Every structure is written in C-alpha cells, then in structure tokens.
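First up is the structure itself, then whatever we jot down about it.
The values are calculated or read from the model by the stated rules, or taken from the named source; none is laboratory data. Since the model is a prediction, treat every value here as computed from it, not as a measurement. Positions of Cβ are generated from backbone atoms using ideal geometry, with glycine treated the same way; all protein chains shown enter the neighbour counts.
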Amino acid sequence: MGQAQNTPAVVFSGLTASATLAAKQYYMVKLASTAGQVIVGAAATDAVIGVLQNDPAAGEPVSIGWGGILKVAAEASVTAGTYVTCSTTGRAKGSTTDGDYFLGIALDGSSTAGNIIRVVAAHSHIYVA
C-alpha cells in the first residue's frame with residue numbers, strides 16, 4: 001500500500017468531543033447523546049457521521065471528514081474493494097451484512113489493526129443484501 005492520501009470532499013465542524021479523542025484521529029464518529037457532541041462509533045449499525053480528522057481533547061472542536069477519499073483507521077482484515085463499516089473500536093471493517101451502515105469502499109487492504117487505509121466515502125448508506 002502506498003502513502004494514504006486524505007482528500008475529503010467536505011470537512012465540517014461546529015461540534016465538540018464528548019470525551020478525549022486524542023488517540024482517535026481517523027476513527028469513525030457518531031453523534032453523542034449530548035447535543036453538539038460526538039463520540040467514536042462502536043457498531044456496524046451506528047449511523048456514523050464521518051471520520052475524525054483531528055485529535056481533540058474533551059470539549060474541544062472536532063473536524064470531521066465526509067465524502068471524498070478519507071484516511072481511516074482499519075481493523076486487521078480489510079480487503080481492498082469491499083464495503084467498510086464501523087467496528088466495535090471505531091475502525092473500518094469489511095461487511096456485507098444486511099442492515100449495516102457502511103462508510104464507503106476500501107481502496108486499500110489492511111492486515112494489521114490500526115493501519116491507515118484510504119476509503120472512498122459513500123457515507124452511511126445501509127447495506128442491503
């Protein structure tokens with residue numbers, strides 16, 4: 001895999017980190033139960049709103065990539081060309097499960113958890129078998 005490039009079509013802000021996200025740059029995030037805050041996604045059925053572009057402490061502004069080609073932290077077994085969804089850790093994992101929300105399609109594979117891959121973001125579509 002070459003150097004992962006990050007070219008989000010849209011980066012939006014106006015939200016803050018619910019807890020420290022200092023070690024979660026390039027993880028998938030979703031809205032928290034507190035209005036105006038985000039947390040790391042934790043399930044394939046979470047409606048993630050994008051990928052964290054910065055590494056904020058609790059209460060600090062977040063920068064979220066949405067659309068385009070995004071750098072995303074991956075799980076150990078992601079195959080290039082597959083749909084990716086949110087794992088229990090907030091990283092990308094492959095999925096073809098009916099009802100999962102997917103972020104997009106992996107351009108790169110990953111054989112080690114925590115690798116940074118490129119994903120063509122198609123943002124929160126529901127996979128239908």
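Details
- Test: A92 is out of contact with any Asp or Glu (no Cβ under 6 Å at 6 or more places or on another chain), modelled with pLDDT of 95 or more and under 14 Å from V29 (Cα atoms): yes
- Residue, surrounded by the fewest Cβ atoms within 10 Å (Cβ to Cβ), within segment 107-129, restricted to residues that are at pLDDT 95 or above and assigned to a loop (DSSP other than H, G, I, E, B): T112
- Selected residue (only one of T79, T85 is modelled with pLDDT of 95 or more and in contact with a Ser or Thr (Cβ under 6 Å, 6 or more places away or on another chain)): T85
Matching residues to (1) surrounded by fewer than 22 Cβ atoms within 10 Å (Cβ to Cβ); (2) not in a strand (DSSP E or B):
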residue	(1), (2)
A76	yes, yes
V84	no, no
D98	yes, yes
I105	yes, no
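- Near pairs, Cβ below 9 angstrom, 6+ apart or cross-chain, from segment 40-63 (closer than 10 Å to K24 by Cα) to any residue that is in a loop (DSSP other than H, G, I, E, B) and aromatic (F, W, Y): V40/Y27; V51/Y26; V51/Y27; L52/Y26; L52/Y27; Q53/Y26
- Residues within segment 48-74 that are over 18 Å from A106 (Cα atoms) and assigned to a loop (DSSP other than H, G, I, E, B), tallied: 9
- Just so you know, in segment 7-40 the residues that are closer than 18 Å to L70 by Cα and either at pLDDT below 75 or of a type in the set (S, T, Y) (or both) include one that is surrounded by the most Cβ atoms within 10 Å (Cβ to Cβ), and it is Y26.
- Looking only at segment 51-80, and only at residues there that are under 17 Å from D100 (Cβ atoms) and not hydrophobic (A, V, I, L, M, F, W, C), the one that is nearest to the chain's Cα centre (by Cα): E75
- Test: residue in segment 14-23 that is in contact with a strand residue (DSSP E or B) (Cβ under 9 Å, 6 or more places away or on another chain) and at positive phi: yes
- Taken together, the criteria place G90 among residues that are under 17 Å from G114 (Cβ atoms) and not in a strand (DSSP E or B).
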